[in-house]
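**Student:** Here's a structure for you.
The values are calculated or read from the model by the stated rules, or taken from the named source; none is laboratory data. Remember, predicted model here, so these are calculated numbers, not experimental data. All Cβ positions, even for glycine, are placed from backbone atoms using ideal geometry, and neighbour counts span all protein chains on display. With ligands, DNA and RNA removed, areas are computed over all heavy atoms of the protein, side chains included. Shrake-Rupley method; radii C 1.70, N 1.55, O 1.52, S 1.80 Å.
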Amino acid sequence: MSDKKNNNENEVTEAQIAVHWKEEEYFEPPKDFSAQANIKDNSIFNRFKEENFPNCFSEYANMLDWYKKWDTILDSSNPPFYKWFVGGKINASYNCIDRHLAVYKNKTAIHFVPEPENEDIQHMTYQELYVKVNEFAAMLKDYGLKAGDTVTLHMPMIPELAVTMLACARIGVIHSQVFSGFSGKACAERIVDAKSKFLITADAYYRGGNLIDHKEKADIACSTAEKEGHKVEHVLIWERYHNTYSAATPLVGNRDIIINDTIKLYRNKKVEPERLNADDTLFLMYTSGTTGKPKGAQHSIGGYLSYVTGTSKYIQDIKPEDVYWCMADIGWITGHSYIVYGPLALAASSVIFEGVPTHPDAGRPWRVAEELGVNIFHTSPTAIRALRRVGPNEPAKYNYHFKHMTTVGEPIEPTVWKWYYEFVGKKEAAIVDTYWQTETGGFLCSTIPGIHKMKPGSAGPGVPGIYPIVFDEEGKVLPAGSGKAGNICIKNPWPGRMLTIWGDDERFVNQYYKRYNTNPQSKDWKDWPYFAGDGAVEAPDGYFRILGRIDDVINVAGHRLGTKELESAVLMVEEVGEAAVVPVHDSIKGILPHVFASLKPGFKNNDEIEEKIINMLNSEIGPIAKPGKVWIVPDMPKTRSGKIMRRVLGAIASKQNVGDITTLANPQVVEEIQKQS
Ligand code: WTA
């Protein structure tokens, strides 16, 4: 066995095992990028140093237009419930639209890229967005909606989603967008929790080559909600093809309204933006927690908008002249913060893409980038892995140039990062690996793209004004370079953080603040570190490497292994395209990792591949990482947003019921994999 350091399991401490991705080499940001960056010099570190907290965040709030400036920057008198920019009056719709009209009314706000390539890309200027948002806001008002009401949106990636959000924001209605890939039942659960009397949806949308009937989900959502004692009064429906109803599902009497018909009554109507309190609620975004019930992260107007605008400018490096494309879905927080609110507040042109990145082939994103001249690109490691697997040489065929690229949402394996850098970015782009959560509103950790060196697989230091800290189980600080993994927390409040969990303050405190608070009576924010629920390690350079959810950590014979670390090693095997590792109970060792791997095109399964994977895990991590079983599978079960469903793989490996798989993009693969057990 070649690995010397790990050949005696008993000599290896738990913490050492938890941290074995090798330290990667640095990559300098491209000089051309740094020369044009919004942040070019180190004075930012001084402006946002701890001594300047919380006043440093006025720099972000000052990027916005306020009807009335705030009196108090941070009211922290009742931790962990914080209010930012108290006394300030503001409107998010005004900041994302109206204030740009004087200079940019004829500039594209939204490029809509329909999935079918024979449909032209649609370009909506800021003036057109202004007109549409006003008309829809006028219509919503006429239906009796007013500031403080909630509405649930269940909309696909069409420009009307952004129009709807901004129309709600204009009149102070709290929107709660549910990812369109969720089922009608899942939507109902969120409608009931938010107490929405209105559901705004679409008739149909394209996905993977098919025009999907989406309206049928609204019917299921309404009937399910009704069974739970909650009545949806109106379903407002946008048409995918204007003036053509594309769903097979019939309309329901007085309940269902086709927006495209009714809105004609509001042609060119204008609605004054409401002057709202900075700490009023802009939207809810439901996310899964440790229990089955999803929780509604409740985000503010002034704090949230300041934070996503500031980070869009400094970390995404957005300028009004940029063509910015984030391939996430607006149904997730990434799309709210970094497709709609942040980029539009900065007057950028933001791309909304309806389809699947690898449909009809892995060249699609690069054709879009070429056609629109996209220069800032933002996506997830899952999408990058999929594109790398199916079309590793596709980017070279297209003439696009990115100055900046982002990854978000999961740890990215260094091998995958390097492909992104070299092949997608053509070595011309600065890359940021942004670590954050639905609850945090915006980025927590990332390099500053024009200044910091990049390190594959590492999110980087805390972004300006964020002071992360890693605690061990007992609450002892694990400093930079300790080589030990612990729980990442944020020491201070910040404006992008959710106000609370909708309707459940207690869960908010318990989930995010109880873990490391030593004095529940304390009124000092310093006693209330935000507990993110992720394992992390801080390298000597102060960069944080995120090891994944605490609940993703596999405890093999009492030793911790991050699933991501195992997957990273498996991906280093030449033939492997995608890898997922799940914990499976073992009567001797407690838990054993099972490895699921799918192969790159052109490779066939044979016994050698399994052996190579086992050897790679052994040499990269050590004998402790020996998997209970290696499954070579035709494809991974994936959600419609592209995330590998580890839960389903875990159930298959444990020979348990796989549960509801109707939301999968490829449910048929489950049976194929089950045959191998
Ligand atoms: C994970 C997505 C590693 C993390 C914005 C977090 C990441 C969860 C990264 C939140 C990253 C997010 N590196 N892990 N750059 N970004 N995560 O709420 O486990 O959908 O807790 O927000 O994704 O997922 P959420």
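**Student:** 7 Å from Cα along Cα→Cβ at both Y67 and D261: what's the point-to-point distance in nm?
**Tutor:** The modelled label-to-label distance comes out at 3.5 nm.
**Student:** For D586, list long-range residues whose amide hydrogen, built 1.01 Å from N in the peptide plane, is under 5 Å from its own amide hydrogen.
**Tutor:** Amide H to amide H, under 5 Å and 5 or more residues apart or across chains, D586 pairs with I591, L592.
**Student:** Something else about it: Got a sec? What order do L592, L265, L444 fall in by accessible area at 1.4 Å, biggest, i.e. largest, first?
**Tutor:** L265, L592, L444
**Student:** Keeping the other protein chains in place, figure out the carbon and sulfur percent of the accessible area of the range 449-507, with a 1.4 Å probe. Present the calculation step by step, with values, prior to reporting the outcome.
**Tutor:** Details: 940 of 1870 Å².
Taking all protein chains in place, the range 449-507 shows 50 percent carbon and sulfur surface.
**Student:** Next up: Taking θ as phi - 60°, what are the ³J(HN,Hα) couplings along the range 477-486 by the Karplus curve (6.51, -1.76, 1.60), each to the nearest whole Hz, with x for Gly and Pro?
**Tutor:** 6, 9, x, 3, x, 5, x, 10, 8, x
**Student:** Distance from the Cα centre of the range 293-367 to that of the range 607-677, in angstrom?
**Tutor:** 31 Å
**Student:** Could you tell me what percent of the accessible area of the range 558-640 is made up of carbon and sulfur, with a 1.4 Å probe and every protein chain present?
**Tutor:** 51 percent
**Student:** Provide F48, F531, F182, F423 ordered by accessible surface of protein heavy atoms (probe 1.4 Å), highest first.
**Tutor:** Largest accessible area first, the residues go F423, F182, F531, F48.
**Student:** Can you compute the modelled spin-label distance between E574 and D32, with each label point 7 Å from Cα toward Cβ, in nm?
**Tutor:** In this crude label model, E574 to D32 measures out at 3.4 nm.
**Student:** Right, next: Net charge within 9 Å of P456 by Cβ-Cβ distance, Lys/Arg positive one each and Asp/Glu negative one each, not counting P456 itself? All intermediate terms of the calculation are to be shown ahead of the outcome.
**Tutor:** On the way: positive: K418, K455; negative: E24, E25, E413, D433.
Within the 9 Å Cβ shell, the charges total -2.
**Student:** While we're on this one: For the range 242-342, with only Lys/Arg (+1) and Asp/Glu (-1) charged at the beta-carbon, what is the dipole magnitude about the Cα centre, in debye rounded to 20?
**Tutor:** 260 debye
**Student:** Whole-Hz Karplus ³J(HN,Hα) for the range 92-101, in order, using 6.51 cos²θ - 1.76 cosθ + 1.60 and θ = phi - 60°, x for Gly and Pro?
**Tutor:** 6, 5, 4, 5, 8, 10, 3, 5, 8, 4
**Student:** Now for a different question. If Lys and Arg each add +1 and Asp and Glu each add -1, what is the summed charge of the other residues whose beta carbon sits under 14 Å from the beta carbon of P79?
**Tutor:** Residues close to P79 contribute a combined charge of +2.
**Student:** Run down the lysines and flag those whose C-alpha is under 16 Å from the C-alpha of K426, throwing out any fewer than 8 positions away in its chain.
**Tutor:** K31, K397, K403, K418
**Student:** For the full complex of protein chains and a 1.4 angstrom probe, list E135, E574 by accessible area with the highest value first.
**Tutor:** On the way: E135 25, E574 115 Å².
Listed by decreasing accessible area, they come as E574, E135.
**Student:** Quickly work out the S654-to-D527 label distance, labels modelled 7 Å from Cα along the C-beta direction, and quote it in nm with one decimal.
**Tutor:** Calculated label separation equals 3.9 nm.
**Student:** Follow-up. May I ask you to give the solvent-accessible area per residue for the range 17-162, in square angstrom, as obtained with a 1.4 angstrom probe?
**Tutor:** Numbers: 6330 Å² over 146 residues.
Accessible area per residue: 43 Å².
**Student:** Please work out the average accessible area per residue across the range 594-677, using the 1.4 Å probe convention, and give it in Å².
**Tutor:** On the way: 4160 Å² over 84 residues.
Per-residue accessible area for the range 594-677 comes out at 50 Å².
**Student:** Which percent of the accessible area of the range 217-369 is formed by carbon and sulfur heavy atoms (probe 1.4 angstrom)?
**Tutor:** 51 percent
**Student:** Mind checking which of I501, S43, I97 is farthest towards the positive end of the chain's charge dipole, using Cβ charges of +1 (Lys, Arg) and -1 (Asp, Glu) about the Cα centre?
**Tutor:** Comparing the listed Cα positions along the dipole, I97 ranks first.
**Student:** Under 13 Å from the Cβ of W525, count the other residues' Cβ atoms, weight Lys and Arg +1, Asp and Glu -1, and hand me the total. Let's see the in-between values first.
**Tutor:** Numbers: positive: K83, K491, R497, K523, K526; negative: E50, D75, D524, D527.
So the surrounding residues net to +1.
**Student:** Using a 1.4 angstrom probe, figure out how much accessible area the range 204-252 has per residue, in square angstrom, rounded to the nearest whole.
**Tutor:** Accessible area per residue, the range 204-252: 48 Å².
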